[in-house]
Structures are given as structure tokens and as C-alpha cells.
Amino acid sequence: MKADRCSGAKCAVVRNPFRPGAHGKDRRRALSEVGQQLQEKQKVQYSYGIRETYLRKVFEVASKNPGVTGEMIISTLERRLDNVVYRFGFTPSRSVARQLVGHGHFLVNGKRVNIPSYLVKPGDIIKIRPQSKEHIVFKDLEANFKKSEAPIWLTRDNEKIEGKVSSQPKDYDISFDINMIVDYYSK
């Protein structure tokens, strides 16, 4: 599957760890501080599948609230319904999760939600619509559930094939520096 490709040896970054083209193996100049901040911001946008305007709005809301701005940004991005569906293991990637949520295949507390940016709260129960259980993406769901493990802030019920948001997101498994993103938007 395309979503699983970058976790194995067929990933393009693993095969060729340099830029494409005739001059890809040449040495690159070091990035400036702003360039590094921009790169981190783009990593977040790419990994969560969001646009610049949405990330800017998330930053503005997080900076107005008391608390650590970087943690508030990550908490907001992690609580998005498409991300939670991915974290539970219902889908192989966030982009697939976004599409399936947009098509209305998931219920939140028994109500159909088709907005990928919907923010879940502690206590919310997420499950697949009964009419959607025959969808081709959900055929090997039980095997995928056994392979993957949900984060500690999510509780998954493998028998009922549903999940519950137990608490606010914590112990993030992220591969970027959120402080650089806060510095980028603080200018």
C-alpha cells in the first residue's frame, strides 16, 4: 500500500538520501535560522495534511490562551478527528483518514461527523458507521489493530472496534521542533 511505503526499504528517502537531479549529491549551503523554522513549519503542515491559514489560526488561538504555546498547538493538531482516527489504527495514514472522515464513515458519540478538523474532547467515543463496515478499507481492520498500538491518551476497544478519548493529548510522538514553529509565527 502507498501509505505503508515509507516505513520500509522502498521509501524514496531511504533509497536516495539526496536531492533529485544532476546536482543532487553536491554539498548544500547551511540553512539560515528562518529557513530552518520554515522547514519545520512545512514538516508539520505535510505530516498533518493542513494548510498555512489553518496552522496560523491554531497558533493565534494557542498564543492567546495561558500555557505553553507549543504544547497547545500540538494538542490542537492531535485532537483533530482525522488524526485521532489515524492514531486509533482505523486507517494506514492521515490522508486516508481525512478522506474517510470527509465521506462520513465515522461516528462521534453516535453522530455522523464529516469534518476532518473536528476537535474531539475527552470522553468522546469514535467508531465506524455500521453501514461503512463493509468498505474495502476496513476489511483487514482487526489485523491492523493487533499490529498497531494507540497512544496513552486514547483507549481502544478491539472487540467493539471503537475508541475513546480518555484525556487530553500527552507524550507526543512528533519528529519536529515545535519551538521553531512558535518562533516563526511570533515575528
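The values are calculated or read from the model by the stated rules, or taken from the named source; none is laboratory data. Keep in mind that this is a model prediction, so the values were computed, not measured. We place every Cβ from the backbone using ideal geometry, glycine too, and count neighbours over all the protein chains shown.
Structure notes:
- All positions within region 84-127 that are free of Cβ contacts under 8 Å to residues at least 24 places away in the same chain and touching a Phe, Trp or Tyr at 6+ places or on another chain (Cβ under 7 Å): Ala97
- Residue in region 33-45 that is modelled with pLDDT under 95, part of a helix (DSSP H, G or I), closer than 22 Å to Ser166 by Cα and of a type in the set (S, T, N, Q) present: no
- Within region 46-147, helices (runs of 4 or more DSSP H) holding 3 or more residues that are outside the structural domain of Asn179 (by TED's automatic domain parsing) and at pLDDT below 90: 141-147
- Every residue from region 159-178 that is without any contact (Cβ under 8 Å) to a residue 24 or more places away in the chain and under 21 Å from the mean Cα position of the chain (by Cα): Lys170, Asp171, Asp173
- Flag if Lys170 is basic (Lys, Arg) and under 15 Å from Thr76 (Cα atoms): yes
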